[in-house]
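Since the structure comes first, as structure tokens, the remarks are kept for the end.
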Amino acid sequence: MNRTSDHDVMDQARGWAARGEGVAVATVVGTQRSAPRPIGTRMVIGEGGGIDGSVSGGCVEGAVVEAAEALLAGGAPQLLEYGISDEQAWDVGLQCGGAISVWLERWEPSAGTPDDCLLEAARDGRRAAVVTLLDGERAGAKLFVDAAGERHGTLGADDLDAAAAAAADTLLWEERSAVREVLGQAVFVDVVAPPPRLFVFGAVDYATALCALAAQLGWRPFVIDPRARFAQPERFPAAEEVVAKWPQEAFTQLGGIDAATAIVVLTHDPKLDDAALELALRSPAAYVGAMGSRRAQESRRERLLALGLGEDELARIAAPVGLDLGAQSAEETALSIMAEIVALRRGRTGGRLRDASGRIHATAP
């Protein structure tokens with residue numbers, strides 16, 4: 001549930017519930033082939049007749065509403081399976097049909113419940129998830145977990161809660177929702193995550209274009225450079241903050257480096273680059289890239305080895321940074337860099353789709 005539109009849908013549901021209406025929530029928990037909506041997409045149905053959101057772009061909404069009405073009349077939560085024909089798919093702009101799995105449940109928010117905790121986490125920009133049990137006698141039971149280890153609710157057993165929390169922790173940093181099997185039972189892990197951060201080290205012209213593109217893609221870009229003369233906020237209007245400090249102090253000021261942070265080094269100055277790269281490569285950062293020619297990379301490698309970094313750590317550097325687009329301008333270079341970062345986050349290499357096989361929007365297992 002890391003999309004703004006889903007937050008809006010759930011705010012609508014909260015409004016209906018506040019007026020005393022029963023509310024059903026339908027969530028896409030599984031897809032096959034070219035399903036119209038991604039996993040985690042929601043549709044809410046109010047007892048008073050209100051509908052918001054979509055699970056299929058119009059293919060199966062009517063059937064979902066009928067099931068929701070039965071649920072609100074006293075039915076149990078259930079997992080619904082729908083196939084989407086090729087003809088229906090054409091109507092919503094797809095070239096072929098598919099199948100979706102939809103979890104339907106009654107939504108009864110109150111302070112401290114797992115669902116309420118997840119909504120609060122989303123509003124606060126925290127990394128969190130709700131794990132919902134999809135089968136068995138306790139189907140519909142929920143457990144809230146966040147990246148700090150906080151928990152609310154239970155799936156019914158301590159060992160199940162512990163295993164579900166471990167599964168959720170992995171997905172929290174992959175920033176995606178998914179169904180998982182935990183101790184032989186199916187659970188849906190619904191993840192919310194804050195926008196990813198991009199630390200751009202080097203207050204150079206390339207950083208201006210890189211921050212602008214990153215912001216358009218939903219990232220939070222920050223520029224870091226200890227040279228106060230260059231680190232002027234007006235030069236980087238798209239940056240959330242410009243920090244005129246050395247890497248250690250800057251990274252600390254910005255809340256540290258986590259497993260969703262991308263770091264790009266642009267300065268071409270060894271005493272600046274090496275200080276940033278040493279910290280970045282010892283951190284859990286998701287991506288570490290460095291600008292420079294292939295010849296420059298070899299001398300940089302020798303310097304970093306001398307600082308005590310190992311071969312495994314050095315192998316993490318994307319250098320020269322970016323995909324091979326033949327970029328010439330700062331804007332094209334920014335596109336090359338962000339394309340590589342996005343490809344890495346999605347488990348792809350960044351090649352041409354026409355030369356690839358398999359699903360275009362394949363989901364990791």
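Being surrounded by 13 or more Cβ atoms within 10 Å (Cβ to Cβ), of a type in the set (D, E, K, R), closer than 23 Å to residue 214 by Cβ and modelled with pLDDT of 95 or more is a description that applies to residue 331. Being closer than 23 Å to residue 210 by Cα and of a type in the set (A, V, I, L, M, F, W, C), is that true of even one residue in region 300-309? No; the residues of region 300-309 include none that is closer than 23 Å to residue 210 by Cα and of a type in the set (A, V, I, L, M, F, W, C). Cβ separations smaller than 6 Å between residues 6+ apart or across chains give the following pairs from region 332-349 residues that are farther than 16 Å from residue 218 by Cβ to residues that are aliphatic (A, V, I, L, M) and surrounded by fewer than 16 Cβ atoms within 10 Å (Cβ to Cβ): 336/325; 347/364.
If you scan region 103-138, which residues turn out to be of a type in the set (D, E, K, R) and farther than 14 Å from residue 187 by Cβ? Before you say what the answer is, go through the steps one by one.
Going through region 103-138, the residues of a type in the set (D, E, K, R) turn out to be 105-106, 108, 115-116, 120, 123-124, 126-127, 135, 137-138.
Within region 103-138, 106, 108, 115, 116, 120, 123, 124, 126, 127, 137 meet the criteria.
Out of region 297-306, which residues are surrounded by 13 or more Cβ atoms within 10 Å (Cβ to Cβ) and out of contact with any strand residue (DSSP E or B) (no Cβ under 9 Å at 6 or more places or on another chain)?
Of the residues in region 297-306, the ones surrounded by 13 or more Cβ atoms within 10 Å (Cβ to Cβ) are 297, 300-301, 303-305.
Within region 297-306, 303, 305 meet the criteria.
Do we have any residue at all in region 275-288 that's outside the structural domain of residue 126 (by TED's automatic domain parsing), modelled with pLDDT under 95 and within 25 Å of residue 324 (Cβ to Cβ)? No, there is no match, as no residue in region 275-288 is outside the structural domain of residue 126 (by TED's automatic domain parsing), modelled with pLDDT under 95 and within 25 Å of residue 324 (Cβ to Cβ).
Considering only region 6-30, state which residues are hydrophobic (A, V, I, L, M, F, W, C) and in contact with a Leu (Cβ under 9 Å, 6 or more places away or on another chain).
Here is the first cut: in region 6-30, the residues hydrophobic (A, V, I, L, M, F, W, C) are 9-10, 13, 16-18, 23-26, 28-29.
The answer is 10, 23, 24, 25, 26, 29.
Do you know which of the residues in region 97-119 that are assigned to a strand (DSSP E or B) and in contact with a helix residue (DSSP H, G or I) (Cβ under 8 Å, 6 or more places away or on another chain) is farthest from residue 172 (Cα to Cα)? If we take residues in region 97-119 being assigned to a strand (DSSP E or B) and in contact with a helix residue (DSSP H, G or I) (Cβ under 8 Å, 6 or more places away or on another chain), then 98 is farthest from residue 172 (Cα to Cα).
Name the residues in region 239-248 that are under 22 Å from residue 196 (Cβ atoms) and not basic (Lys, Arg), would you?
Step one: filter region 239-248 for residues under 22 Å from residue 196 (Cβ atoms), giving 239-243, 245, 247-248.
Matches in region 239-248: 239, 240, 241, 242, 243, 247, 248.
From the list 69, 81, 87, 21, the lone residue that is surrounded by fewer than 18 Cβ atoms within 10 Å (Cβ to Cβ), assigned to a helix (DSSP H, G or I) and at pLDDT 85 or above is 69. What do you reckon, is residue 200 in contact with a strand residue (DSSP E or B) (Cβ under 6 Å, 6 or more places away or on another chain), at pLDDT below 95 and surrounded by 20 or more Cβ atoms within 10 Å (Cβ to Cβ)? The answer is no for residue 200.
Would you check if residue 58 is at pLDDT 85 or above and either among the small types (Gly, Ala, Ser) or over 22 Å from the mean Cα position of the chain (by Cα) (or both)? No.
The values are calculated or read from the model by the stated rules, or taken from the named source; none is laboratory data. Keep in mind that what you see is a predicted model, and the values were worked out from it rather than measured. Cβ: placed from backbone, ideal geometry, glycine included. Neighbour counts: every protein chain shown.
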